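*Asks:* Take this structure first; my questions come after.
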Amino acid sequence: MNRDHVARFRARAGPISWEAAELARCTIEPELARMLHVAALLEEDTAITVAHAHAFGLGRSADLAAFLPTWDREEAEHGRALRALLAHQEYVAPEPARRSIALRRRALARVPIRPLVRRPETSFLFCVLGAAAEYVATVIYAQLAAQTRSPRVERLVRSIARQEARHFAFFLDAARIRGDRLTDLQGRAARRVLRSLWEPIGLPTLGRSTWHATFAPWLDDEHFRGRVARMDRIVDSIPHLAEARLMATFLDDLPALSRPGRGGTAGTRRSSAPRTRSLGIPSG
Ligand SMILES: [Fe+2]
Ligand SMILES: [Fe+2]
């Protein structure tokens with residue numbers, strides 16, 4: 001295993017900027033608090049993903065063995081910092097979907113683990129999904145940083161975004177290395193699975209209606225939409241995934257999703273897909 005990407009990951013390490021006492025004195029807008037609440041939920045889901053990774057035997061490869069404990073620790077700290085800020089804000093917290101809470105807790109029981117353990121496609125897909133999620137997390141935190149009027153909160157959010165960007169870089173390198181080693185047959189199989197199970201971050205956790213209420217206004221913003229759509233250029237550049245067009249396909253479906261009754265069965269199709277939990281990657 002080429003471990004240069006592990007060295008790069010370590011070399012770029014740096015702490016996030018927060019102190020609970022300082023954050024307790026910050027006041028933020030209720031809308032921003034709602035978004036950060038969603039971010040905290042997703043950060044907290046990383047622990048579940050790390051458990052999945054170990055169940056799939058992914059921690060046996062040298063690079064993921066080095067990465068996973070640090071990733072787990074850093075994402076948990078993102079969650080704690082956001083909770084420290086949110087504990088003193090007044091806002092109506094968005095609720096995760098009930099079904100998704102149960103799924104998050106029971107996810108492993110539903111996954112057919114044995115056929116997937118130690119398969120090169122599984123490890124490849126885990127890293128691809130990680131890269132996609134961490135890219136979008138970086139974009140979202142940058143957007144949140146631009147929205148706050150509190151310099152203290154902006155510093156925190158930008159420092160989180162920097163760690164997300166570093167997670168992204170690791171996952172992308174790890175995915176490319178794994179992609180190069182897949183046979184064409186394995187690559188085609190992985191690509192099919194990816195296209196059927198990928199969903200934007202937050203969707204499995206929040207459920208469709210809360211996710212949509214949270215992110216739809218952002219996706220109406222052309223600048224934000226354009227940045228998110230760039231995820232495809234990254235994913236499509238990974239071996240075996242040219243023209244996968246995950247985000248574009250999802251965004252193309254959005255107008256129908258936002259207007260129930262105006263056609264489109266995508267909502268029904270996607271909402272019945274608990275299997276997406278099997279390699280569920282959190283926000284990063
Ligand atoms: Fe991350
Ligand atoms: Fe994070």
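All of the numbers you see were taken from the coordinates with simple rules; none came from a lab. A quick note: this is a predicted structure, and the numbers were derived from the prediction, not measured. Note that we place each Cβ from the backbone using ideal geometry, even for glycine, and neighbour counts take in every protein chain shown.
*Asks:* Anything in region 122-167 that is in a helix (DSSP H, G or I), surrounded by fewer than 21 Cβ atoms within 10 Å (Cβ to Cβ), more than 16 Å from ligand 2 (Cβ to nearest atom) and in contact (Cβ under 8 Å) with a residue 12 or more places away in the chain? List them, or say none.
*Replies:* The answer is Q147, R152.
*Asks:* On to the next question. Check region 32-41 and report whether any residue there is more than 15 Å from ligand 2 (Cβ to nearest atom) and either at positive phi or without any contact (Cβ under 8 Å) to a residue 24 or more places away in the chain (or both).
*Replies:* No, the conditions are met nowhere in region 32-41.
*Asks:* Next question, about the same structure. Test R176 against the stated conditions and say whether it is over 25 Å from Q147 (Cα atoms) and of a type outside the set (A, V, I, L, M).
*Replies:* Yes: the conditions hold for R176.
*Asks:* Name, by its number, the condition in (1) closer than 19 Å to R119 by Cα; (2) within 15 Å of ligand 2 (Cβ to nearest atom); (3) in contact with a helix residue (DSSP H, G or I) (Cβ under 8 Å, 6 or more places away or on another chain) that does not hold for A62.
*Replies:* (2)
*Asks:* Could you run through region 159-190 and say how many residues are within 16 Å of ligand 1 (Cβ to nearest atom) and under 13 Å from V128 (Cα atoms)?
*Replies:* 9
*Asks:* Now, a different point. Quick one: A146 ticks every box in (1) over 16 Å from L85 (Cβ atoms); (2) touching a Phe, Trp or Tyr at 6+ places or on another chain (Cβ under 9 Å) bar one, so which box is it?
*Replies:* Failed condition: (2).
*Asks:* Go through region 210-226 and give me each residue that's within 19 Å of L41 (Cβ to Cβ) and free of Cβ contacts under 8 Å to residues at least 24 places away in the same chain.
*Replies:* W211, F215, P217
*Asks:* Look at region 182-224 and say how many of its residues are in a loop (DSSP other than H, G, I, E, B) and within 22 Å of L241 (Cα to Cα).
*Replies:* Residues that pass the stated criteria total 6.
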